[in-house]
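What follows is a short report on a single structure.
The values are calculated or read from the model by the stated rules, or taken from the named source; none is laboratory data. If you're wondering where the values come from, they're calculated on a predicted model, not measured in any experiment. Backbone-built Cβ (ideal geometry, glycine too); neighbour counts: all protein chains shown.
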Amino acid sequence: MIAGGIVPADTSPMTMQANSRSIAVVDDDELMRGALRGLLELAGFKARAFASAEEFLDSNELHHVSCLIADIRMPGMSGLDLQARLNADEIRIPIIFITAHGDERVRMQALRSGAVEFLAKPFDSEVLLETVRAALAH
């Protein structure tokens, strides 16, 4: 589970260089955002965190992000709304959804719309890192 004291599986210089692509984290929960950003940075990724989908869309990072980790349920634009917007704008970013409130219908909607994974909170940090690596490999 994501928590303090996380040690990534591989922090060799080669892995650190290979992981230099930018990962965006969009989650309205400040603690989760910080924990995810810290985990990604420990694993050698460049990570940017955003408190809302709108903040991410308004940022200059949109076209520099190689993978997006987004919460499903957020005030304002939801994670699914963000996915729909990116799809409508033909912006292809691998999306990994995280949620504490997911159900099978929401999960299937996200995956059918192109999400690479849908993880229920709390999730294992190594599973998330492996999912990010797999998303970047495509």
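Among residues belonging to the range 22-66 that are among the acidic types (Asp, Glu) and touching a strand residue (DSSP E or B) at 6+ places or on another chain (Cβ under 6 Å), point out the one that is surrounded by the fewest Cβ atoms within 10 Å (Cβ to Cβ).
GLU41
Can we say GLU130 is of a type outside the set (Phe, Trp, Tyr), without any contact (Cβ under 8 Å) to a residue 12 or more places away in the chain and either within 19 Å of ALA47 (Cβ to Cβ) or in contact with a Lys or Arg (Cβ under 9 Å, 6 or more places away or on another chain) (or both)?
The answer is yes for GLU130.
If only one of GLU54, GLU41 is of a type in the set (Asp, Glu), assigned to a helix (DSSP H, G or I), touching a Gly at 6+ places or on another chain (Cβ under 8 Å) and free of Cβ contacts under 8 Å to residues at least 24 places away in the same chain, which one is it?
Exactly one residue qualifies, and that residue is GLU54.
Would you confirm whether any residue within the range 1-21 is touching a Ser or Thr at 6+ places or on another chain (Cβ under 7 Å), modelled with pLDDT of 95 or more, under 19 Å from ALA135 (Cβ atoms) and of a type outside the set (D, E, K, R)?
no
So LYS121 clears everything in (1) crowded, with 17+ Cβ neighbours inside 10 Å; (2) more than 12 Å from the chain's Cα centre (by Cα); (3) under 17 Å from ARG37 (Cβ atoms); (4) not aromatic (Phe, Trp, Tyr) except one condition, right? Which one?
So LYS121 meets the others, but not (1).
Which number in (1) assigned to a strand (DSSP E or B); (2) modelled with pLDDT under 95 marks the one condition that VAL106 misses?
Every condition holds for VAL106 apart from (1).
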